[in-house]
Each structure stands twice: as C-alpha cells, then as structure tokens.
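A.B. asks: Take a look at this one; I'll ask things after.
The values are calculated or read from the model by the stated rules, or taken from the named source; none is laboratory data. Just so it is clear, the structure is predicted and the values come from calculations on it, not from any experiment. Don't worry about glycine lacking a Cβ; one is built from the backbone with ideal geometry, like all the others, and counts go over all protein chains shown. With ligands, DNA and RNA removed, areas are computed over all heavy atoms of the protein, side chains included. Shrake-Rupley method; radii C 1.70, N 1.55, O 1.52, S 1.80 Å.
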Amino acid sequence: NAGVMQNPRHLVRRRGQEARLRCSPMKGHSHVYWYRQLPEEGLKFMVYLQKENIIDESGMPKERFSAEFPKEGPSILRIQQVVRGDSAAYFCASSPRGGSGNTIYFGEGSWLTVV
Amino acid sequence: AQKVTQAQTEISVVEKEDVTLDCVYETRDTTYYLFWYKQPPSGELVFLIRRNSFDEQNEISGRYSWNFQKSTSSFNFTITASQVVDSAVYFCALSEAGGAQKLVFGQGTRLTINP
C-alpha cells in the first residue's frame with residue numbers, strides 16, 4: 001500500500017538550472033497538492049491540481065514555477081532558472097477527494113539545494 | 001484571514017514525562033478543520049489527526065490525546081509517557097470549509113525527548 005511517492009529525495013542544482021520534482025499520489029487519489037517548506041517560513045501551500053487541471057495556484061510564485069498533473073504519469077513541479085532562495089523542501093500530498101476537510105497525505109519531500 | 005500559532009518553538013523533556021504542545025488558531029469560518037502532523041528527523045510529514053469544528057470531543061489514541069476547545073480556539077496535543085521516538089517537529093494546521101483543501105500551518109514545535 002504505497003504512500004505518496006516523491007523523487008528525487010534530494011536534488012542539487014546550480015543557479016540558473018531547472019529543477020523538476022515528481023510526485024505520484026497514493027493509489028486511488030486523484031487530487032494532488034504541493035507545499036513548500038522554507039527554512040524560516042514554515043510550510044506554505046503552493047498549488048492544488050486534479051488530473052489535467054490546475055484548481056488553485058494561489059500560492060505559486062508568479063514567475064519560474066509551474067506545475068502539472070497529466071492524465072498519465074506523475075505530477076511535476078518545475079522550477080526554471082533556480083535561485084538560492086528556492087532552496088527548500090517541497091512536499092507533495094494527495095487526497096481521494098477534493099474540497100476541504102479531507103485528510104491529505106504527504107510524501108517524504110524533495111529537498112532542493114541551489115548552489 | 002486564517003492563522004495558526006504554535007507559541008512553543010522548542011520543548012525538551014526527559015523520557016516518560018508527559019508533554020503538551022499548544023496550538024491556537026484564528027478563523028472567521030464557522031466550519032473548519034484542524035490537523036496535527038509529525039515531522040521526524042527523517043523529514044517526512046506524518047498525519048496524526050483531523051478534527052472538524054463541530055466535533056469538540058477530545059480524542060485519545062494510545063499515548064496521544066487531543067483537546068479541542070472552540071471557546072479558546074485551541075487544539076492542544078498531549079503525549080503521555082513520552083519516548084525518544086516521539087522526538088520530532090509537530091505541526092498544527094487549519095483548513096477552511098469550501099473550495100480547495102488548503103492547509104495553513106503553524107510554525108511547528110520541535111520536541112526533543114531525552115533518554
């Protein structure tokens with residue numbers, strides 16, 4: 001009974017490179033969320049997706065960040081032209097249904113370090 | 001605006017002591033949901049409990065118990081007879097009713113259980 005799978009677990013990128021973080025939700029879950037944990041800011045919501053749709057991206061930085069959840073395959077969080085301030089843990093979560101009140105289950109996180 | 005405050009940044013106790021982690025929240029919604037998550041040193045986020053605003057019953061699960069008090073907007077978490085394996089960062093979170101499942105997290109409490 002696999003949980004939310006994220007990879008890579010750790011990723012090092014040089015400034016200006018691209019980072020791609022992947023997330024496979026729990027079996028039977030069609031709702032995916034991305035959160036970011038910055039060292040001094042705690043956990044913050046970034047984006048909520050269903051298959052092929054972005055439902056809420058109110059927490060996404062306006063530039064360089066994008067997310068998708070295609071019909072087939074994992075959800076991808078993409079960060080273009082990374083800067084040192086992007087260094088953080090990125091957590092993916094999933095739930096079987098949308099809407100508030102549903103428990104969302106988190107993956108183990110992807111730790112991005114920008115050097 | 002929603003807000004979650006975990007005033008205790010760090011707590012350190014000796015094994016077998018009882019410890020309570022405080023969580024105070026702010027919301028204008030009458031329907032909302034409260035959560036606790038645990039982040040052990042390995043980094044993953046582990047779901048512990050979900051409580052909705054209409055259910056003020058306290059809950060006990062083994063050595064863990066939760067005290068929800070709407071009158072004081074608090075949702076405190078107590079670990080009885082603490083163990084070294086309980087050492088982790090604990091996060092309290094709140095989500096509003098309706099719309100996307102968007103958790104607002106507190107800053108977390110780092111709990112260290114010393115042998």
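A.B. asks: Kindly indicate the residue of the stretch A:82-115 that is open to solvent by less than 50 Å² (accessible area, probe 1.4 Å), assigned to a loop (DSSP other than H, G, I, E, B) and away from chain B (no Cβ under 12 Å) and also farthest from A:Leu11 (Cα to Cα) among those meeting that condition.
C.D. replies: Within the stretch A:82-115, the match that is farthest from A:Leu11 (Cα to Cα) is A:Val82.
A.B. asks: How many residues are hydroxyl-bearing (Ser, Thr, Tyr), in a strand (DSSP E or B) and modelled with pLDDT under 95 when one looks only at the stretch B:18-36? Give the steps one after another, and end with the answer.
C.D. replies: At the first step, the residues of the stretch B:18-36 found to be hydroxyl-bearing (Ser, Thr, Tyr) are B:20, B:25, B:27, B:30-33.
Imposing the further condition that a residue be in a strand (DSSP E or B) reduces the set to B:20, B:25, B:32-33.
Next, only the ones that are modelled with pLDDT under 95 stay: B:32-33.
Final tally of qualifying residues: 2.
A.B. asks: Give the stretch B:9-55 a look and list any residue that's among the acidic types (Asp, Glu) and farther than 19 Å from A:Thr103 by Cβ, or say none. Spell out the reasoning first.
C.D. replies: As a first pass, look at the stretch B:9-55 and keep what is among the acidic types (Asp, Glu): B:10, B:15, B:17-18, B:22, B:26, B:29, B:44, B:55.
Hits for the stretch B:9-55 are B:Glu10, B:Glu15, B:Glu17, B:Asp18, B:Asp22, B:Glu26.
A.B. asks: Something else: Which one of these is more than 23 Å from B:Lys102 (Cα to Cα), in a strand (DSSP E or B) and in contact with a strand residue (DSSP E or B) (Cβ under 7 Å, 6 or more places away or on another chain): A:Leu77, A:Leu11, A:Leu43, A:Leu49? Reasoning before the result, please.
C.D. replies: Numbers: A:Leu77 fails: more than 23 Å from B:Lys102 (Cα to Cα); A:Leu43 fails: more than 23 Å from B:Lys102 (Cα to Cα); A:Leu49 fails: more than 23 Å from B:Lys102 (Cα to Cα).
Criteria check complete, one pass: A:Leu11.
A.B. asks: Which residues, taken from the stretch A:16-40, are assigned to a loop (DSSP other than H, G, I, E, B) and touching a residue at least 24 places away in the same chain (Cβ under 8 Å)? Explain how you work it out, then say what you get.
C.D. replies: Of the stretch A:16-40, the ones assigned to a loop (DSSP other than H, G, I, E, B) are A:16-18, A:25-30, A:39-40.
A:Gly16, A:Gln17, A:Glu18, A:Pro25, A:Met26, A:Lys27, A:Gly28, A:His29, A:Ser30, A:Pro39 - these are the residues of the stretch A:16-40 that are assigned to a loop (DSSP other than H, G, I, E, B) and touching a residue at least 24 places away in the same chain (Cβ under 8 Å).
A.B. asks: What strands (runs of 3 or more DSSP E) lie completely within the stretch B:47-115 and have 1 or more residues being open to solvent by less than 60 Å² (accessible area, probe 1.4 Å) and more than 12 Å from chain A (Cβ to nearest Cβ)?
C.D. replies: On the way: elements: B:59-61, B:64-69, B:74-79, B:88-96, B:103-105, B:109-114.
Ranges flagged: B:64-69, B:74-79, B:88-96, B:109-114.
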